[in-house]
1. Take a quick pass over segment 19-97 and tell me how many lysine pairs come in under 16 angstrom between Cα atoms, counting only ones 8 or more apart or on separate chains.
2. Amide H to amide H under 5 Å from residue 52: which residues, 5+ apart in sequence or cross-chain, H placed 1.01 Å off N in plane?
3. Just to be sure I understand: with springs between alpha-carbon atoms less than 10 Å apart, which residue in 103, 82, 37 has the highest mean-square fluctuation in the Gaussian network model of the chain?
4. At 1.4 Å probe size, with no ligands or nucleic acids counted, give the accessible surface of residue 71 in Å², nearest ten.
5. What do you get for Rg/Rh of the chain when both radii come from the Cα atoms and Rh is the Kirkwood radius?
6. Which of the DSSP-defined H helices in the chain satisfy a minimum axial length of 15 Å, computed from C-alpha atoms, and a minimum mean Kyte-Doolittle hydropathy of -1.0?
7. Based on the alpha-carbon gyration tensor of segment 28-74 and its eigenvalue square roots a ≥ b ≥ c, which shape applies: rounded if a/c is under 1.5, prolate if not and a/b is larger than b/c, or oblate?
8. Placing +1 at every Lys and Arg Cβ and -1 at every Asp and Glu Cβ, with all other atoms neutral, what dipole size does segment 1-73 have around its Cα centre, in debye to the nearest 20?
Amino acid sequence: MKSKLLLVDEQFSKFNCAQTVFSLFAPELGIDEKTALKIASGFGGGMACAETCGAVTGAYMVIGMKHGHATPNPDEKANTKLRVKKFNEMFKEAHGSLICKQLTGFDISTPEGSAAANEAGVFESRCPVFIKTSCRILEENF
């Protein structure tokens, strides 16, 4: 099987950043790709408001599926939060932020910002880097 990092560019050419991260992990999470793509579809573009990066929210979904809690047990809840915080620290260490508009330099939630980001090549040059970072962090630590 190809490394997830080698599949990022192909998958991101068709889907948003959150969908790309979550769907690449779908087989090992026990869910089919179509379901993963549908679940993550609303999280791209910083949840359509250029806030938390879709590569980050996609990773949260992976962490939740792998290590999330499904009982009211406070220890399990704390474990999930701890893993999300660890992911956040590692991603911020790599890129300085979790926020889409800070990472890209554009507010892609507006038509003007999205057009400017597209013209600057952000979706081809920067976003795949964020997706690959998320995948690498997940593969190596979670």
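The values are calculated or read from the model by the stated rules, or taken from the named source; none is laboratory data. It should be emphasised that the depicted structure is a prediction, and the values quoted were computed from it without experimental measurement. As a convention, Cβ positions derive from the backbone with ideal geometry for all residues, glycine included, and neighbour counts pool all protein chains shown. Accessible surface is based on the protein model in full, side chains and every heavy atom, while ligands, DNA and RNA are left aside. Shrake-Rupley method; radii C 1.70, N 1.55, O 1.52, S 1.80 Å.
1. Values: 66/77; 66/81; 66/85; 66/86; 77/85; 77/86.
Number of lysine pairs found: 6.
2. 100
3. So, out of 103, 82, 37, the one fluctuating most is 82.
4. Rounded to the nearest 10, that gives 60 Å².
5. On the way: Rg = 14.7 Å, Rh = 15.2 Å.
Using Cα coordinates only, the ratio equals 0.97.
6. Numbers: long enough: 17-29 (19 Å, 1.03); 54-67 (19 Å, 0.71); 74-95 (31 Å, -1.43); 127-141 (21 Å, 0.19).
Passing helices, by number: 17-29, 54-67, 127-141.
7. On the way: a/c = 2.51, a/b = 1.37, b/c = 1.83.
Oblate, because a/c is 1.5 or more while a/b does not exceed b/c.
8. Values: 6 positive and 6 negative charges, 16 e Å.
Once rounded to the nearest 20, the dipole reads 80 debye.
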